[in-house]
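Some notes on the structure that comes next.
Just so it is clear, none of the values below were taken in a lab; they were calculated from the coordinates. Keep in mind that what you see is a predicted model, and the values were worked out from it rather than measured. With ideal geometry, Cβ positions are generated from the backbone for all residues, glycine too; neighbour counts draw on all protein chains shown.
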Amino acid sequence: MQVIKIHHPLDPHLIPTGPVVLAMGFFDGVHRGHQAVIRRAKKIARQRHLPLAVLTYTHAPGIVYRQYPGGFKYLSTVQRKLDLLQQLGVDRVYLVSFTSQFANQSPQVFVDRYLVGFHSQVVVAGFDHTYGPATVATMAKLPDYARGRFEVVTVPKFTGNGQQKIGSRVIRQQIDNGQVQVANNELGYYYTTTGLIVHGLARGRTLGFPTINIETPTPERLPGVGVYATTVLINKHWYGGMASVGHNVTFGDHNQLTLEIYLFDFNQLVYGEEVRVRWYQYLRGEEKFSGAKELVAQLKRDEQAARRVVTHQPVISGQSLS
């Protein structure tokens, strides 16, 4: 898959010659609604023997317009998004840096410079996609801006099996609330984060539950505080485990948020390893125990529950991506 990085104003020399079918959207998470858009574009591209291109952005467009305390937390980092797009069969990605200058274009100028500049024969997007002010840059108005230079295909609302539209905003809320099973069904794959194994305080080792401590990149969205069934990819091998996202409240009231994972049947030194974490199921919330004995008893119950989940991984409705 070819990735072309673009900073406004567009340099036409970066754009390969020849027509394409273009899908456009921010695609945070590349969830099942996004997949429906990309698959519709892919079908058209294959029918016309044209490359399938995607226009997307390096960061959330909302950053240009408002403040996000603590920073915007993504369902998929840029690299994760590119990986998912590649799995969907995308041939080319136009990765645009969404800046104030880019945002200040009128819808007509955006269409003339970018959609036409990309040599789009067909442009495909979701029904609620906008490419400027929501009142004037709608999919209904896109044919007017196109002026016959390309076709417009609008993909209708995707709800899966429910009534509510599957959307990145809702999935972010589900992740924040620990509803990873629901989020997984709407994503169409197991929610995944990345990180680096670092040293912790080694409390788990003294309790008989040694954990790996994972430093998560700032832009990635961790599930809400609680205990989860997970698997972790280390050195090309997936290990089952139970993860704790929390503040270790049993050992103090002002501890920083950490991600610690106890891996089943695992005894290796892996500091400095980059890992991926798949999130399967929320088990319980964070609790403050009276002491180590009560905590260990609960950890044993958590391990049994997590092993059951990992052994019989929750079924995801829709097509799963790795």
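What to note about this one:
- Estimated D of region 1-80 in µm² per second, where Rh is the Kirkwood radius over Cα pairs and Stokes-Einstein applies at 4 °C, 1.567 mPa s: 89 µm²/s
- Antiparallel DSSP beta bridges within the chain, percent to nearest 5: 55 percent
- Once the Cβ-Cβ distance of Val136 and Lys293 is raised to the sixth power relative to R0 = 45 Å, the FRET efficiency obtained is 0.10.
- Burial ordering of Val153, Val54, fewest other beta-carbon atoms within 10 Å first: Val153, Val54
- Alpha carbon Rg of region 189-311, scaled by the compact-globule rule 2.2 N^0.38 Å: 0.98
- Virtual spin-label span in nm between His312 and Arg147, 7 Å along Cα→Cβ: 6.2 nm
- In sequence order, region 220-237 has phi-based couplings of 7, 9, 7, x, x, 3, x, 10, 9, 8, 9, 10, 10, 8, 10, 6, 6, 10 Hz under the Karplus curve 6.51 cos²θ - 1.76 cosθ + 1.60, θ = phi - 60°, and Gly or Pro positions carry x.
- By the Cα gyration tensor, region 2-155 has an equivalent ellipsoid whose semi-axes, rounded to whole angstrom, run 22, 19, 15 from largest to smallest.
- Amide H contacts for Arg276 (H built 1.01 Å from N in the peptide plane; partners 5 or more residues away or on another chain; cut-off under 5 Å): Leu233.
- The peptide list 126-138, 57-69, 75-87, 180-192, put in order of mean Cβ contacts within 10 Å with the highest first, becomes 180-192, 75-87, 126-138, 57-69.
- Annotation: lysines with alpha-carbon distance below 27 angstrom to Lys157 (same-chain offsets under eight excluded): Lys42, Lys43, Lys73, Lys81, Lys141, Lys165.
- Here region 189-311 is treated with +1 on each Lys and Arg Cβ and -1 on each Asp and Glu Cβ, and its dipole about the Cα centre works out to around 320 debye.
- The Rg/Rh ratio of the chain, with both radii computed over alpha carbons and Rh defined as the Kirkwood radius, is 1.04.
- Each residue of region 134-146 was assigned a 3J(HN,Hα) from its phi angle through the Karplus expression (A = 6.51, B = -1.76, C = 1.60, θ = phi - 60°), giving 4, 7, 10, 10, 9, 5, 5, 8, 4, x, 5, 5, 5 Hz with x at Gly and Pro.
- Placed amide H near Val155: partners under 5 Å, 5+ positions off or other chain: Ala125, Gly126, Phe127
- Summarising the amide proton neighbourhood of Val54: residues at separation of 5 or more, or on other chains, whose placed amide H is nearer than 5 Å comprise Ala23, Arg92, Val93, Tyr94.
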